[in-house]
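Asks: Would you mind keeping the following structure in view while I ask a few things?
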Amino acid sequence: MKDIQVADAKQDSALADDVEKKDLQTPSSDENSDVEELEARLATGAADEEEYLVRDAHDIAIKVLSTRWVYFAYADVVCLNNYTTISDDYELPVVTFRMLFLGLGFSAFGSVLAQLYYFKPQTLLVSQGFLLIMLYFFGKTWEKVLPSHGLWWYLNPGPFNIKEHGSALIMASTASSSATAIQVISVQDLYYNNKLNPGVAIFTLLASQLVGYSFAGL
């Protein structure tokens with residue numbers, strides 16, 4: 001019995017040594033070149049359908065978590081052959097009429113909805129996931145429907161890019177919750193029968209919100 005246990009222990013240790021040796025093996029130059037060629041084909045769209053499939057951890061490391069190429073979903077065809085470099089594209093427009101219109105529109109939608117349901121038993125909030133999808137849908141629709149030549153360029157400066165999407169999402173998500181200072185105005189009206197002037201109430205809300213944003217900016 002002891003001999004069997006000793007033999008099993010030796011086999012386990014030998015197996016562990018083999019695994020450690022395989023883990024410590026570094027990829028050869030040929031393997032590195034193959035990986036670089038695959039990444040280049042994926043980036044340029046020259047790869048075939050089989051090479052875009054993700055089957056195991058190696059494919060995830062090369063095609064999903066690669067530090068050289070990043071998945072980019074803002075092309076006409078959303079699939080794994082749309083890649084871009086990690087470097088910032090400073091030529092993409094950011095502060096456009098489209099971004100401001102969508103950001104302010106969804107900010108008003110989210111804040112009004114949150115304020116209406118603030119005093120109800122069932123609160124309703126606009127999630128960032130919903131805003132993310134709707135902003136992308138409206139942005140791409142704006143890009144396809146409106147012309148982009150002549151004076152229309154100010155309304156539609158080209159493809160709806162990731163910077164416009166991100167800026168509008170930040171704007172809408174920060175405004176999709178009720179302002180905390182509304183409690184002060186509500187308590188004054190409900191418990192003390194003191195109705196504040198609309199101007200005072202508006203500037204009170206603005207002051208409380210802007211003070212928070214100023215501290216966040218610091």
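The values are calculated or read from the model by the stated rules, or taken from the named source; none is laboratory data. It should be emphasised that the depicted structure is a prediction, and the values quoted were computed from it without experimental measurement. In this analysis, Cβ positions are derived from the backbone assuming ideal geometry, glycine residues included, and neighbour counts consider all displayed protein chains.
Asks: Residues of segment 120-138 being in a helix (DSSP H, G or I) and hydroxyl-bearing (Ser, Thr, Tyr), which ones?
Replies: Residue satisfying the conditions is Tyr136 alone.
Asks: Just a yes or no: is a residue in segment 178-190 of a type in the set (Gly, Ala, Ser), at pLDDT below 85 and under 19 Å from Leu104 (Cβ atoms)?
Replies: Yes, segment 178-190 contains at least one residue that is of a type in the set (Gly, Ala, Ser), at pLDDT below 85 and under 19 Å from Leu104 (Cβ atoms).
Asks: Let me ask something else. Would it be correct to say that Thr123 is of a type outside the set (Lys, Arg), within 15 Å of the chain's Cα centre (by Cα), at pLDDT below 90 and closer than 24 Å to Gln209 by Cα?
Replies: Spelling it out, it is not the case that Thr123 is of a type outside the set (Lys, Arg), within 15 Å of the chain's Cα centre (by Cα), at pLDDT below 90 and closer than 24 Å to Gln209 by Cα.
Asks: Would you mind stating whether Thr141 is surrounded by fewer than 16 Cβ atoms within 10 Å (Cβ to Cβ) and part of a helix (DSSP H, G or I)?
Replies: Details: surrounded by fewer than 16 Cβ atoms within 10 Å (Cβ to Cβ): yes; part of a helix (DSSP H, G or I): yes.
So Thr141 passes the test.
Asks: Are there any helices (runs of 4 or more DSSP H) wholly within segment 150-217 with 2 or more residues that are in the same structural domain as Leu104 (by TED's automatic domain parsing), surrounded by 17 or more Cβ atoms within 10 Å (Cβ to Cβ) and in contact (Cβ under 8 Å) with a residue 40 or more places away in the chain, and if so which?
Replies: It comes to 162-174.
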